[in-house]
Amino acid sequence: MSLLKLKNVEKVYHQGKIDVPAIRGISLEIEKGEFTTIFGPSGSGKTTLLNIIGCLDKPTDGEIYYEAEKKLSTLTKNELSNFRRYNLGFIFQGHNLIPVLTAFENVEFAIRIIDGISKKERREKVLDILNSVGLEGLEDRRPNELSGGQKQRVAIARALVKNPKLVLADEPTANLDSENSQEVLNIMLKMNKKLGTTFIFSTHDPQVMEYAKRLIEIRDGKVTHDEQGENLDVPH
Amino acid sequence: MFLTKLALRNLTRHKKRTVITSLVISLGIFIFLVSDSLMVGLSDMSLDNNVDLQTAHLQIMEEKYWEKKDEMPLDNLLKEDNKIIKEISNNPQVKAYTPRLYFTATINNGREDYPIKAIGINTEKDVEVIKLDEYILEGEMLQEGKFAIIGKGLAELMDFRVNDYITLLFKTKEGTYNTIDAKLIGLLDTPHPNINKQNVYIPLSLAQNSLNTGDKVSRFLFNLETREQSIPIAEQFNRRFSQNELSLKAYNWEKLSYEMLAMLKQGNIENLVMLFIIIILATAGVINTVILSALERLEEIGMMKALGLRAREIVYIFVIEAAGIGIIGSTIGVILGGVGVYLLKEVGISLSMMTGGETTFGIPIAERIYGGWNPETFFFIFIFGILVSVLASILPARWGAKKDPVKALYHK
Ligand SMILES: Nc1ncnc2c1ncn2[C@@H]1O[C@H](COP(=O)(O)OP(=O)(O)O)[C@@H](O)[C@H]1O
Ligand SMILES: [Mg+2]
């Protein structure tokens with residue numbers, strides 16, 4: 001059973017009187033545990049697509065199903081909030097950490113708002129995930145005391161700490177140098193293997209594509225390529 | 001709890017802004033407390049003066065006289081040598097009592113008239129109740145004979161000096177005109193402007209003879225051990241009067257100061273104005289702060305929404321932050337106000353300093369006012385400061401929290 005299914009999704013932005021079509025009929029299925037890269041040049045619709053998948057934005061047309069039965073268009077705002085709270089993790093281009101909270105607290109935030117996790121359990125989860133992303137000993141630092149790569153790793157930890165069904169990462173490496181980019185991608189791959197978390201991340205950087213296990217290329221809001229596994233045609 | 005912690009930490013993000021907004025609230029609270037203290041002090045002093053110099057603790061008069069007492073009529077009078085009054089004055093709580101005869105007259109200096117309030121007083125007993133003798137500015141206290149004393153304000157107005165002769169023109173009990181020529185033997189300078197400007201005191205016997213009232217008086221003034229006893233004692237006297245089927249009635253100082261209390265109550269309108277100013281100041285400060293914070297933290301708001309926070313929870317963060325500002329502002333304001341009120345209470349403030357010379361507000365007060373102090377006001381204004389901050393933050397917080405997450409995240 002697929003985790004996610006998009007059926008003829010369209011998105012048109014209205015800019016004054018002009019209609020800007022950003023997504024023009026995308027259908028695809030994502031299986032559980034997949035590590036999918038969405039590749040495309042700037043303006044091709046990657047962010048829009050990820051926002052729609054992440055229930056932050058609504059499609060103009062088409063339907064999205066989670067685990068076959070859940071139709072997103074039928075949910076209210078609060079239900080969507082709840083859905084995100086329990087099932088989705090986000091990693092943004094900017095790390096979007098809260099400057100007055102420590103690394104530990106920033107990560108904790110994601111599960112603080114989930115009921116039924118004891119304080120002890122929470123602490124274990126947060127420390128565990130911070131270790132996994134290589135931030136052992138830096139729990140008490142605030143974002144301004146961390147490097148760009150470290151901040152992005154805190155953001156990854158925050159997305160993963162609740163063990164979500166799906167992590168959406170919109171150009172997570174765009175603000176990082178190549179060394180840090182590689183590290184961040186390696187961590188995401190590692191977590192994908194270790195926890196079986198499904199990842200969808202976007203990039204316009206051809207170098208990042210080598211990490212892809214499934215590569216979906218979009219242009220002008222349409223899927224132009226969708227390749228699986230070993231026979232990936234990735235420029236090395 | 002976590003959101004509260006976050007909200008309070010957010011206060012440290014722009015310390016300067018937090019402090020300035022808080023201080024705006026503090027300033028409003030400080031001004032409110034100080035002005036309230038002055039109002040309380042002013043009314044306390046005015047009342048004290050009125051009781052000391054005009055009403056005494058309690059008065060007894062005919063019920064029908066009470067209804068018309070402002071006109072100071074010459075009917076419904078009491079006998080000066082009054083059995084029941086003597087009887088009740090044996091009460092150990094009664095310190096002193098004295099009869100008075102009030103009437104309206106005009107004073108004349110040979111050139112012009114001026115309406116005044118004339119009071120016939122018992123030259124021996126009156127000073128035991130109303131200590132006018134302590135306020136003689138020039139000359140001496142009233143004695144038996146064709147003498148009079150008046151306030152210095154009236155003397156200045158009519159150009160009278162000690163030893164001058166004054167002429168009072170009035171209607172007798174029968175309605176015919178009569179005059180009294182009396183020698184001015186003393187000038188009064190009291191902290192009660194009405195006494196200074198309006199009152200003419202003459203011996204009771206002189207008044208009775210000239211008005212043809214015989215041995216009648218209009219009221220008896222009583223001083224008790226303490227002012228507070230006036231309510232139970234008045235009740236006790238009134239029970240006694242009704243048992244004896246008399247139409248006499250005792251009125252305590254509060255009832256006698258009714259008009260003054262009503263006037264002092266108008267001071268409360270100033271309080272409302274001050275409260276309104278605080279509301280405006282605090283609201284403007286808090287709204288400004290919340291909007292600036294929300295704009296700065298748009299990406300954060302978007303991120304929190306992506307995490308699954310509801311708009312309500314984001315509003316909560318901003319509101320708690322505003323409550324924090326309110327608490328800081330209220331605390332500083334109450335501390336500063338406490339210092340200000342303490343100084344007002346202990347040191348006082350010279351009225352001429354406040355008004356630049358002219359010293360009458362039309363209410364009886366001295367040259368120097370001392371602030372009053374009211375713990376409830378402090379408590380009230382502390383809560384008020386916080387409440388206004390919280391309420392002011394709700395709308396801008398909602399505005400921030402309702403931002404579309406996508407727009408918030410990618411607003412650049
Ligand atoms: N809020 C918006 N209003 C109008 N047009 C938009 C908006 N967001 C994106 N677009 C347009 O939609 C298209 C896709 O944008 P986007 O999803 O951001 O692409 P990418 O993330 O691949 O760069 C672009 O043409 C962009 O100009
Ligand atoms: Mg983009």
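Just one of (1) open to solvent by less than 60 Å² (accessible area, probe 1.4 Å); (2) modelled with pLDDT under 90; (3) not charged (D, E, K, R) trips up residue B:330, so point out which.
So residue B:330 meets the others, but not (2).
Out of curiosity, is residue B:71 without any contact (Cβ under 8 Å) to a residue 40 or more places away in the chain, open to solvent by 20 Å² or more (accessible area, probe 1.4 Å) and over 30 Å from residue B:232 (Cβ atoms)?
So residue B:71 fits the description; yes.
Does residue A:54 meet the test of being touching a residue at least 60 places away in the same chain (Cβ under 8 Å), surrounded by 20 or more Cβ atoms within 10 Å (Cβ to Cβ) and either more than 20 Å from the chain's Cα centre (by Cα) or away from every other protein chain (no Cβ under 13 Å) (or both)?
No; evaluated as a whole, the condition is false for this residue.
Looking at (1) farther than 25 Å from residue B:328 by Cβ; (2) assigned by TED's automatic domain parsing to the domain that holds residue B:322; (3) of a type in the set (A, V, I, L, M, F, W, C); (4) crowded, with 18+ Cβ neighbours inside 10 Å, which is the only condition residue B:269 fails?
That leaves (4) as the condition not met.
Considering only the stretch A:8-29, I want to know if a residue exists there that is under 16 Å from residue B:404 (Cα atoms) and either part of a helix (DSSP H, G or I) or touching a His at 6+ places or on another chain (Cβ under 9 Å) (or both).
no
Given (1) outside any strand (DSSP E or B); (2) modelled with pLDDT of 90 or more; (3) within 14 Å of chain B (Cβ to nearest Cβ); (4) in contact with a helix residue (DSSP H, G or I) (Cβ under 8 Å, 6 or more places away or on another chain), where does residue A:48 come up short, assuming only one miss?
(4)
When only residues in the stretch A:30-45 that are assigned to a loop (DSSP other than H, G, I, E, B) and under 21 Å from residue B:410 (Cα atoms) count, which is farthest from ligand 1 (Cβ to nearest atom)?
A:41
Quickly run through the stretch A:45-61 and pick out the residues that are away from ligand 2 (no atom under 16 Å from the Cβ) and more than 20 Å from residue A:1 (Cβ to Cβ).
Within the stretch A:45-61, A:58, A:59, A:60, A:61 meet the criteria.
I'd like to know if the stretch A:12-20 contains one or more residues that are away from chain B (no Cβ under 14 Å) and either acidic (Asp, Glu) or under 18 Å from the mean Cα position of the chain (by Cα) (or both).
yes
Hey, among the residues in the stretch A:160-195 that are under 10 Å from the mean Cα position of the chain (by Cα) and within 16 Å of ligand 1 (Cβ to nearest atom), which one's farthest from the other protein chains (Cβ to nearest Cβ)?
Only one residue fits best here, namely A:172.
Right, residue A:91: within 24 Å of residue A:157 (Cα to Cα) and either buried (at least 19 other Cβ atoms within 10 Å of the Cβ) or of a type in the set (Phe, Trp, Tyr) (or both) or not?
yes
Of (1) within 14 Å of chain A (Cβ to nearest Cβ); (2) within 22 Å of residue B:170 (Cβ to Cβ), residue B:2 satisfies all except one. Which?
(2)
Hey, can you tell me all the residues within the stretch A:62-112 that are within 18 Å of residue A:49 (Cα to Cα), of a type in the set (Lys, Arg) and within 9 Å of another protein chain (Cβ to nearest Cβ)?
A:84 - this is the single residue of the stretch A:62-112 that is within 18 Å of residue A:49 (Cα to Cα), of a type in the set (Lys, Arg) and within 9 Å of another protein chain (Cβ to nearest Cβ).
Tell me, please, whether a residue that is of a type in the set (D, E, K, R) and under 27 Å from the mean Cα position of the chain (by Cα) can be found in the stretch B:306-314.
Within the stretch B:306-314, not a single residue is of a type in the set (D, E, K, R) and under 27 Å from the mean Cα position of the chain (by Cα).
The values are calculated or read from the model by the stated rules, or taken from the named source; none is laboratory data. Computed from a prediction, not measured in an experiment: that's the story for all the values here. Note that we place each Cβ from the backbone using ideal geometry, even for glycine, and neighbour counts take in every protein chain shown. Just the protein is used for accessible areas: all its heavy atoms, side chains included, with ligands, DNA and RNA removed. Shrake-Rupley method; radii C 1.70, N 1.55, O 1.52, S 1.80 Å.
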